[in-house]
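Quick notes on the structure that follows.
The values are calculated or read from the model by the stated rules, or taken from the named source; none is laboratory data. All figures in this text were calculated on a predicted structure; none of them were measured in a lab. Heads up, the Cβs are rebuilt from the backbone with ideal geometry, glycines too, and the neighbour counts pull from every protein chain shown. Surface areas here come from the heavy atoms of the whole protein model, side chains and all, with no ligands, DNA or RNA. Shrake-Rupley method; radii C 1.70, N 1.55, O 1.52, S 1.80 Å.
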Amino acid sequence: MGFSAKARLKDGETPVTLLFRFDENGLIESVRAEARGRAVAGALIPTPWEVRWGNYELSDGVCIQTEGEVAWLLPEGPQPYFRCRLTNLRYEFAP
């Protein structure tokens, strides 16, 4: 069973509270905001929002997520608006 942690941040003057959920290995499964501004007919409506991560792989000794999805959590169900899959990665480590 995984665990979670809340983070309270500030984006300029806007406070943001995020819930991070981790799997049994301590890897991020999701990040959720209960009230992120969603544009609807020119107005910003506070709406639950979630990013889900998965398919972790080792790359040059670093464990990274290679797939993700971002969705609005609407009463009728999740409304994904962005999906990604990492296909290429190059690191440049600072000396």
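From the list Ala39, Ala33, pick out the single residue that is within 26 Å of Leu9 (Cβ to Cβ) and exposed (fewer than 13 other Cβ atoms within 10 Å of the Cβ).
Ala39
How many residues does the range 44-95 contain that are small (Gly, Ala, Ser) and open to solvent by 40 Å² or more (accessible area, probe 1.4 Å)?
2
Can you report the number of residues in the range 7-25 which are open to solvent by 80 Å² or more (accessible area, probe 1.4 Å) and over 15 Å from Arg36 (Cα atoms)?
Counting residues in the range 7-25 that are open to solvent by 80 Å² or more (accessible area, probe 1.4 Å) and over 15 Å from Arg36 (Cα atoms) gives 3.
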